[in-house]
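Presented below is the structure to which this report refers.
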Amino acid sequence: KILNMWKCKPKPMSKLVVRKWMVNPVGMMSLGSLGFNVNTNCTPASTPSSGIVPSGSSMTFAVPTGSTCVVTESASMPAFPTSAQTFCGPNATPVWDPPLYSSSGNSVPSVTTVSGSTQTVDITNKWHCKPNPTSTLEVRKRVVSQPGMPPLTNLNFGINANCTPALS
């Protein structure tokens, strides 16, 4: 009698490390540790396939060796703390710049895992203060004299403009 047995050999695994960096505008203190949603689209799939990576930190994904992975950051960015709005002032709004990806000196967020190695993808976020759109408020005053009366000239009229947000 011949008995053939088989067992599954686990596929070799590698590590994919996603590191998160944040660059603040000159003069701005740190915004603290904000969480950024990161996705790894690997073939075959990684474990886990996504996660929240705090700025200044990293997350490690288990990836089958030989996988090709594309690392992306979710379009849904974390909200700015009030300190960022205070830094920008009343006439500007903090906004995120597009994320910058790098891996081994390349600016493309795609890596291929190699047996027994760790691949690292860095994601750097920058932000800046975007000036709020402005417009002009023009007020014109027309004085009409009664028929037969001399025209009135050099008159000053005070006005108040209550705008939200306030004019500067």
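Annotations
- Along each principal axis, Cα extent of the range 1-40, largest first, Å: 80, 14, 13
- Distance distribution note for the range 47-110: the fraction of Cα pairs above 16 angstrom is 63%.
- Measuring nothing but protein heavy atoms, the accessible surface of the range 25-103 at 1.4 Å probe radius is 61 percent carbon and sulfur.
- Distance between the pseudo-spin-label points of residue 145 and residue 130 (7 Å out from Cα toward the beta carbon): 5.3 nm.
- With every protein chain in place and a 1.4 angstrom probe, the accessible-area ranking of 2, 52, largest first, reads 2, 52.
- With all projection directions averaged, the alpha carbon convex hull of the range 20-85 covers 5.0 nm².
- Å² per residue, accessible surface of the chain at 1.4 Å: 71 Å²
- Nearby lysines by direct alpha-carbon distance to residue 20 (threshold 25 angstrom, same-chain neighbours under 8 apart not counted): 126, 130
- Counting only the Cα atoms, the chain fills a convex hull of 197 Å³ per residue.
The values are calculated or read from the model by the stated rules, or taken from the named source; none is laboratory data. Bear in mind the structure is a predicted one, so any value in this text is a computation, not a measurement. Quick reminder, even Gly has a Cβ in these numbers, built from the backbone with ideal geometry, and neighbours come from all protein chains shown. SASA here: full protein model, heavy atoms, side chains in, ligands and nucleic acids out. Shrake-Rupley method; radii C 1.70, N 1.55, O 1.52, S 1.80 Å.
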